[in-house]
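Down below is the structure, laid out as structure tokens.
The values are calculated or read from the model by the stated rules, or taken from the named source; none is laboratory data. Treat the numbers as computed from the prediction; the structure is a model and nothing was measured. Cβ placement follows ideal geometry from the backbone for every residue including glycine, while neighbour counts extend to all protein chains displayed. For the accessible areas, the whole protein counts, side chains as well, though only heavy atoms, and no ligand, DNA or RNA atoms are used. Shrake-Rupley method; radii C 1.70, N 1.55, O 1.52, S 1.80 Å.
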Amino acid sequence: MPITKSASWQALSALRESLPSRHLRELFASDPQRFSRLSFELDGLLVDFSKQRVDLETLDLLLALARDSGLDAWRDRFFSGEKINVSEDRAVLHPALRHLTLEPFPNAEMDVMPEVRAVRAHMRQFSDRVRAGLWRGFSGEAIRDVVNIGIGGSDLGPKVVVRALSAYQHPGLNMHFVSNIDSAHLAKLIEQLDPRSTLFVVASKTFTTQETMINAHTAREWLCAAAGEDAKRALPLHFVAVTANEEQARAFGLPAQNVFRLWDWVGGRYSLWSAVGLPIALAIGMNGFERLLSGAQAMDTHFREAPLEKNLPVLMALIGIWNTNFLGAGTSAVLPYHESLRFLPSFLQQLEMESNGKTVGRDGQPLSCQANPIVWGEIGSNGQHAFFQLLHQGGWLVPCDFIASAQSDHPLPGHQAPLMANFLAQSAALAFGKTEEEARAELEAAGVPAEQMAALLPHKVFAGNQPSTTIIMPRIDAYHLGLLLALYEHKVFVQGVIWGINSFDQWGVELGKQLAGRLLPALRGESDTEGLDQSTRALIAWCREYGDF
Ligand code: F6P
């Protein structure tokens, strides 16, 4: 049965109809305990849902929706290693990657932990040597620059974490990430690098992704040219691979000990906890990486064991569904007020939109409702001076996640308090707005003459009622970052269950790849453009006139 036909969905629709104008001001005024009822803390990660447009009745119905969708059973199937990624016939076992106790996972019959532990040991041994300066390049120099070559989950996951934990980074290692096939990305970087002290990590689950493979081959040529006669010996000293396709990595020229294994049960966007996290281990050490894993594991345990009404990923998912499907929000914004979380919006865009950006259910039938909203975001301070105008007065419903840490990880005197004041002010301003009476009183107090009042007043009114979640932690450290990222991962899973989606495939990315394969020879003049649409043919002709392919 489509979820929209369930009793809970119908009741939520009716509730929505009966409450067209309920304002956050009223919700707060009617419940002095609202903050304590609607905020939750797990190991120092505080999540405040009180500025979301829900009350206890809405939440009860949303929880009923979760039950109607069979969430409990789906969660069990997920954690038991069942092949819930049906279209690819795969289990989804990324929680195994952060399973740190000695018990088997997911169970004794199909325990994947021996292999996971072996790869962790491999990562530790390698990252320890590089960090200690014992891993030497072809001329005997220690490694000073690490370049991760990957794209999508093989880039965004390690990049978000390495940037977030820059305060803990090894002082002698510079970390770089190259993803774009545009040569400007790699060219600008290698200009500043010394091949003798550079290590490339080629991260690709498939080892066939075009962008990654082209960048990897160019980097290999650059290294081999610098090594000259030593090229053969140099390659394994400067390249390692992270992949599930060991054969291709070997064909690239790497010996088995330079290949860090992945498994088909790790999705790209869920892979930072695997050897795809090697740059993290290099940057902050394997102990730091394991602290990240332990934060994520704590969220796994919470998600698995906490009752639905206190379960953070479940609540976050349900409130997102309320905003999307009942209040009609088509987008949601992620606003970290923390420079180190610069890449979080991009990471979450992939996590959410590649997982749930779908209109077909896991059963192959069209979904009965809209699924994932468009996720976007930016560092909050910068956004305030750019697009926040629209959030405050643009008339669109844009639920926001405000994220910050109480302490700065790179402190300078006089910065943190104004940062946090702005962080807190924005969500309050968005929620409560400013009424005409308040605006008038302010203008009067400022001595604005009556004749200007009428003209100014409409511009000074803020509708408010813009919902947001506030997420704060004491400090962005590995443990809390692990909690935060796993929170979003499980939120996506819960939403996928309710919408009826397989959140672990991504067929929508294939068509463009296929077409690019057809257009490449045409661009190079190796095939004609017969059969292509008229726009693409004309554009190819234009590119051939001005470009050099
Ligand atoms: O094209 C999409 C995608 O498959 C993502 O799901 C994945 O994270 C990315 O490409 C990179 O894939 P790979 O790790 O196989 O290079």
Answer with yes or no whether Leu312 is aliphatic (A, V, I, L, M) and within 30 Å of Gly137 (Cβ to Cβ).
no
Taking Ala219, is it in the same structural domain as Arg269 (by TED's automatic domain parsing), within 16 Å of the ligand (Cβ to nearest atom) and surrounded by 14 or more Cβ atoms within 10 Å (Cβ to Cβ)?
yes
Any chance Gly133 is on the phi > 0 side of the Ramachandran plot, within 16 Å of the ligand (Cβ to nearest atom) and either assigned by TED's automatic domain parsing to the domain that holds Ala216 or touching a strand residue (DSSP E or B) at 6+ places or on another chain (Cβ under 6 Å) (or both)
no
Looking for something surrounded by fewer than 13 Cβ atoms within 10 Å (Cβ to Cβ) and in contact (Cβ under 8 Å) with a residue 60 or more places away in the chain - is there at least one such residue anywhere in the stretch 408-417?
yes
So how many residues does the stretch 457-483 have that are of a type in the set (Ser, Thr, Tyr) and either open to solvent by 20 Å² or more (accessible area, probe 1.4 Å) or over 24 Å from Arg37 (Cα atoms) (or both)?
1
Restricted to the stretch 119-146, and to residues that are free of Cβ contacts under 8 Å to residues at least 40 places away in the same chain and outside any loop (DSSP other than H, G, I, E, B), which residue is nearest to Ser271 (Cα to Cα)?
Ala121
Can you tell me how many residues in the stretch 191-216 are open to solvent by 60 Å² or more (accessible area, probe 1.4 Å) and over 28 Å from the mean Cα position of the chain (by Cα)?
3
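This table checks each residue for (1) free of Cβ contacts under 8 Å to residues at least 40 places away in the same chain; (2) farther than 24 Å from Gln10 by Cα; (3) touching a Leu at 6+ places or on another chain (Cβ under 7 Å).
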| site | (1), (2), (3) |
| --- | --- |
| Asn311 | yes, no, no |
| Val314 | no, no, yes |
| Phe326 | no, no, yes |
| Thr331 | no, no, no |
Pairs only if they're at least six apart or on different chains, beta carbon under 6 angstrom, first in the stretch 445-474 and farther than 16 Å from Gly395 by Cβ, second among the hydroxyl-bearing types (Ser, Thr, Tyr); list them, first residue then second.
Ser468/Ser427; Thr470/Ser427; Met473/Ser405
What's the total number of residues in the stretch 167-190 that are in contact with a strand residue (DSSP E or B) (Cβ under 9 Å, 6 or more places away or on another chain), open to solvent by 40 Å² or more (accessible area, probe 1.4 Å) and more than 16 Å from the ligand (Cβ to nearest atom)?
2
Here the qualifying pairs (Cβ atoms under 8 Å; residues six or more apart or on different chains; first in the stretch 196-208 and more than 6 Å from the ligand (Cβ to nearest atom); second part of a strand (DSSP E or B) and among the charged types (D, E, K, R)) come out as Ser197/Asp145; Thr198/Asp145; Leu199/Asp145
Here is a check on your reading of the model: is Ile190 among the β-branched types (Val, Ile, Thr) and closer than 17 Å to Arg144 by Cα?
yes
Can you tell me which residue among Val398, Val375 is aliphatic (A, V, I, L, M), under 30 Å from Tyr168 (Cα atoms) and in contact with a Ser or Thr (Cβ under 7 Å, 6 or more places away or on another chain)?
Val375
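Results for (1) in contact with an Asp or Glu (Cβ under 7 Å, 6 or more places away or on another chain); (2) surrounded by fewer than 22 Cβ atoms within 10 Å (Cβ to Cβ); (3) among the hydrophobic types (A, V, I, L, M, F, W, C); (4) part of a loop (DSSP other than H, G, I, E, B), shown as yes or no for each residue.
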| position | (1), (2), (3), (4) |
| --- | --- |
| Ser346 | no, yes, no, no |
| Leu351 | yes, no, yes, no |
| Asp363 | no, yes, no, yes |
| Ala371 | no, no, yes, yes |
| Asn382 | no, yes, no, no |
| Ala386 | no, yes, yes, yes |
Residue list for the stretch 55-80, restricted to those being part of a loop (DSSP other than H, G, I, E, B) and modelled with pLDDT under 95
Asp55
Could you check, for the stretch 81-88, whether at least one of its residues is in a loop (DSSP other than H, G, I, E, B), touching a residue at least 12 places away in the same chain (Cβ under 8 Å) and either buried (at least 21 other Cβ atoms within 10 Å of the Cβ) or touching a Lys or Arg at 6+ places or on another chain (Cβ under 7 Å) (or both)?
yes
Pick from the stretch 147-166, criterion part of a helix (DSSP H, G or I) and in contact with a Pro (Cβ under 6 Å, 6 or more places away or on another chain), ranking: farthest from the ligand (Cβ to nearest atom)
Val162
Just for helices (runs of 4 or more DSSP H) wholly inside the stretch 1-46: which have at least 2 residues that are small (Gly, Ala, Ser)?
7-18
Out of curiosity, is Lys491 charged (D, E, K, R), open to solvent by less than 40 Å² (accessible area, probe 1.4 Å) and in contact with a helix residue (DSSP H, G or I) (Cβ under 9 Å, 6 or more places away or on another chain)?
yes
